Amino acid sequence: MKFEDLLLETGGFGRFQILVLFILCLPRINVPMHFLLHNFLAATPSHHCAIPHQEAFVNLTMEEVLLISIPREPDGTFRSCEMFSQPQFHLLLNSSLQPENSSIIQHCQHGWVYDHSQFTSTISTQWDLVCEQRGLNQATATFFFIGVTTGAVVFGYLSDRFGRKAMLLLSLVFSVVFGMLSAASISYSMLAITRTLTGVGLSGVSLIVLPFGMEWVDIQHRTFSGILISMFWSVGNMLLAMVAYLVREWHWLLVAVTGPCLLSIVCLWWVPESARWLIANGKVKQAHRHLLRCARMNGRKDFTVSPEALRRMATDKKPGGSYSYISLFRTPVLRKISLCCGAVWFGVAFSYYGMSMNLTGFGLNMYLSQFVFGIIEIPAKVIMYVLVNRVGRRQSQAWALILTGLCIGANVIIPKPLTSLRSVVAIMGKGFSEAAFTTVYLYTSELYPTVLRQNGMGYASFVARLGGSLAPLVFLLDEVWRSLPEVTYCGVAVCCGSVAFLLPETLNVRLPEGIEDIE
């Protein structure tokens, strides 16, 4: 007897599964609120050099003070990072005569003045992470994703070793503690460290929730459950736009997006450990108790199964705890799956965060962009629900990622004045990108056997977070060529999408329990 047969006897997909999925969806909302928080946490408002002894110019308007103190760009805007070493009073007579002598232009000497009309404060304004320090601002996102990368390795192994529920609780507690500490940061160094550790905790949440829910669901409802859980990522995206719009001060913004984790911790006590994991690891008494609870809640009071029958179901291989990441590469089929999955996950995350962290590049208000990018993900997921069941996982995964890359590439060619067309193409690209992300979670959880599923997800998530860590740094390439970041995102997405064609199809296939089921 297979575990799927047992699930069908307990009611297949009933009230128990709905309750488990709903509770697991709560922490899922929190994940994108932190993963995409950099857009608002580290936003850089318009700024210019602070002008010393400004009180000496009492007879001049603010515009005139800037005119004699700050050089201008060819388009007429004031430069953000440079100032005149001496006031250029002659510009009051003819402002079009910009000085040709570069020796009178210097970098900001007295700090910066920021436009606070949109943000009360961000980490950019708090610690002057602009101009020469711009790289540190982008590095904040990279530090967070380094934490997420580390957490993927740690929690991927630990959840296969010690169980899904215990590690999900631990990761939520970790997220709350360091999320609140990051809100209380008194220096950039403290923020960088606490954001990195917050990333470690949230990585566990991101990694465990979907496979945990899938292990309680029968084959017929597996795709629906995977799409449903991923829908709450989109809800989190939209909520982030609204919370960031209402909370314009970065300390309180961090508190606002971290607090809901406490609700998830409380609710998680009602979710039982994965019976599939318990059986695979020989803990049949606990599995028996949870299966009886599942059947009772689903109205199947006549369900009976003995612990001995569950013990016979347990894999006759070594216990799940003795598997490691090396096991993913020991056998030929698993090795091929792992290498291809790694490439696909890197491409998905690299292009997704490349688009998600460029909210101001498509001609829309950044809050509206965040909300629209979130709302477009919902129809993308609904379409993927149909496609992965009709076309299959492999084709859906490959083409979603390839089309993401083509949309990013199209915006390199489309002229900037055509903001409406650029916005439409960007929104389409974001939809394809989210479709690729939704599919890769579902697809990967079906490719790996139960004894290695979290190790496989941990490895895949590790590679994805490498992509997420590099994505914000690629924006710095615009100093080489303005379109180089977009060309890079496009090329990586198309190449990695093509690799997905090498993976096996899993549509309507039982979840594998042991390595022998894969090989």
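For the criterion of being of a type in the set (A, V, I, L, M), surrounded by 23 or more Cβ atoms within 10 Å (Cβ to Cβ) and within 25 Å of the chain's Cα centre (by Cα), Leu228 fails. Taken as a whole, segment 102-121 holds no residue that is in a helix (DSSP H, G or I), among the hydrophobic types (A, V, I, L, M, F, W, C) and buried (at least 18 other Cβ atoms within 10 Å of the Cβ). Scanning segment 45-64 for residues that are within 24 Å of Cys131 (Cα to Cα) and surrounded by fewer than 17 Cβ atoms within 10 Å (Cβ to Cβ) returns Pro45, Ser46, Ala50, Pro52, His53, Gln54, Met62, Glu63, Glu64.
So which residues in segment 363-386 are of a type in the set (Asp, Glu) and surrounded by fewer than 18 Cβ atoms within 10 Å (Cβ to Cβ)?
none
Within segment 47-97, which residues are in a strand (DSSP E or B) and either acidic (Asp, Glu) or farther than 19 Å from His110 by Cα (or both)? If the condition is that a residue be in a strand (DSSP E or B) and either acidic (Asp, Glu) or farther than 19 Å from His110 by Cα (or both), then Glu82 is the only one that fits. At least 3 residues being open to solvent by 10 Å² or more (accessible area, probe 1.4 Å) and out of contact with any Pro (no Cβ under 7 Å at 6 or more places or on another chain) is the threshold, and among the helices (runs of 4 or more DSSP H) wholly inside segment 400-519 those reaching it are 419-447, 453-474, 484-499. Here Arg134, Arg161, Arg222 are screened, and the one residue that is open to solvent by less than 40 Å² (accessible area, probe 1.4 Å), among the charged types (D, E, K, R) and either farther than 30 Å from Leu447 by Cβ or assigned to a helix (DSSP H, G or I) (or both) is Arg222.
The values are calculated or read from the model by the stated rules, or taken from the named source; none is laboratory data. Here the structure is a predicted model, which is why all the values come from computation and not from measurement. Every residue, glycine among them, receives a Cβ derived from its backbone with ideal geometry; neighbour counts consider all protein chains shown. SASA here: full protein model, heavy atoms, side chains in, ligands and nucleic acids out. Shrake-Rupley method; radii C 1.70, N 1.55, O 1.52, S 1.80 Å.
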